[in-house]
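Accompanying notes for the structure given below.
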Amino acid sequence: MKDQARAKARQLAQDFLQRDDRTGWFELLYADAEENEEHIPWGDMMSNPGLVDWLEQKNMQGNGRRALVVGCGLGDDAEELSRRGFSVLAFDIAPSAVAWCKQRFPTSSVEYVVADVLQTPVEWQHSFDFIFEAYTLQVLPPGLRAKAMANIANLLGADGTLLVICRGRAPEDHPGLMPWPLTRDELNTFLATGLHQIQFEDYQDQEQPPTRRFRIQYTRHSDQHTEAPL
Ligand SMILES: C[S@@+](CC[C@H](N)C(=O)[O-])C[C@H]1O[C@@H](n2cnc3c(N)ncnc32)[C@H](O)[C@@H]1O
């Protein structure tokens, strides 16, 4: 079933890209799914193991600090951060995904909103202590990623932490089909915006078959409040 869902997502992505609509297919995929997660390729209804593992390793507690989840999908990662004491805002471009999160977690303290990472609200700038981005960059065509990364970087507050998890590839590897893995060079856009890299992990995950992932931790030092150049 997930293979069918992935094939459908790839077809939708291709059809929309051909009409130069690079993000419109997400809403259609979620709306068509009618809240059946089997139709969502990434709809595994559990927190990202790479996030949970990282939070455990760092023994990180929210203590009321503000967290943001980019492209939150069905909301499991936002709920994970909320359980650990963060005050969480989670956004997705697809209204049907946001409605689904609210339906799944009716008593949640997470604020779920519709927003576009390519046009983030001005009032969000530099206002989050922790930002989690998993698998959104890799579903955006390469030409949109630099803008998305610059916007994400601009949302991070002083001394905040940005954690990114994505599929990874070497520059000489073919990008293949959507989701398109990122190279380290592409991710260096975050550094060009003034963030500092704390840790870069390159590993095979526990899925069958295993997938190459990058997990990167960035921070913004407190004396850096310059706007990202992109
Ligand atoms: C591959 S899914 C990952 C969802 C979630 N992060 C997860 O790991 O399960 C990518 C998500 O990003 C959302 N998305 C795509 N383009 C976006 C954009 N421009 N702004 C905000 N969200 C976007 C999609 O609707 C989708 O929910």
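Points worth noting:
- Filter result for Gly73 (closer than 19 Å to Arg145 by Cα, surrounded by 15 or more Cβ atoms within 10 Å (Cβ to Cβ), small (Gly, Ala, Ser) and within 17 Å of the chain's Cα centre (by Cα)): yes
- Of the helices (runs of 4 or more DSSP H) lying entirely inside region 29-145, those containing at least 1 residues that are within 12 Å of the ligand (Cβ to nearest atom), touching a helix residue (DSSP H, G or I) at 6+ places or on another chain (Cβ under 7 Å) and closer than 24 Å to Ala158 by Cα span 49-58, 76-83.
- Residues in region 151-180 that are touching an Asp or Glu at 6+ places or on another chain (Cβ under 9 Å), surrounded by fewer than 20 Cβ atoms within 10 Å (Cβ to Cβ) and among the small types (Gly, Ala, Ser): Gly157, Ala158.
- For region 146-174, residues that are away from the ligand (no atom under 13 Å from the Cβ) and in a strand (DSSP E or B) total 8.
- Residue pairs meeting the criteria (Cβ under 8 Å; at least 6 apart or on separate chains; first under 15 Å from Ala148 (Cβ atoms), in region 181-209; second open to solvent by 70 Å² or more (accessible area, probe 1.4 Å) and part of a helix (DSSP H, G or I)): Glu186/Pro142
- Options Phe128, Phe91; residue that is in contact with a Cys (Cβ under 9 Å, 6 or more places away or on another chain), crowded, with 19+ Cβ neighbours inside 10 Å and at pLDDT 95 or above: Phe91
- With respect to (1) closer than 28 Å to Asp53 by Cβ; (2) at pLDDT below 95; (3) not β-branched (Val, Ile, Thr), the lone exception for Gly143 is condition (1).
- Unique match (being at pLDDT 95 or above, hydroxyl-bearing (Ser, Thr, Tyr) and in contact with a strand residue (DSSP E or B) (Cβ under 7 Å, 6 or more places away or on another chain)) among Ser82, Ser96: Ser82
- Within region 5-28, restricting attention to residues that are without any contact (Cβ under 8 Å) to a residue 40 or more places away in the chain, within 12 Å of the ligand (Cβ to nearest atom) and not charged (D, E, K, R), the residue that is surrounded by the most Cβ atoms within 10 Å (Cβ to Cβ) is Trp25.
- Among the conditions (1) modelled with pLDDT of 95 or more; (2) crowded, with 16+ Cβ neighbours inside 10 Å; (3) not in a helix (DSSP H, G or I), Gly194 misses just one, which is (1).
The values are calculated or read from the model by the stated rules, or taken from the named source; none is laboratory data. This one's a predicted model, so the numbers in the text were calculated from it and none came from an experiment. Using ideal geometry, Cβ is built from the backbone for each residue, glycine included, and neighbour counts are taken over all protein chains shown. All accessible areas refer to the heavy atoms of the entire protein, side chains included, with ligands and DNA or RNA removed. Shrake-Rupley method; radii C 1.70, N 1.55, O 1.52, S 1.80 Å.
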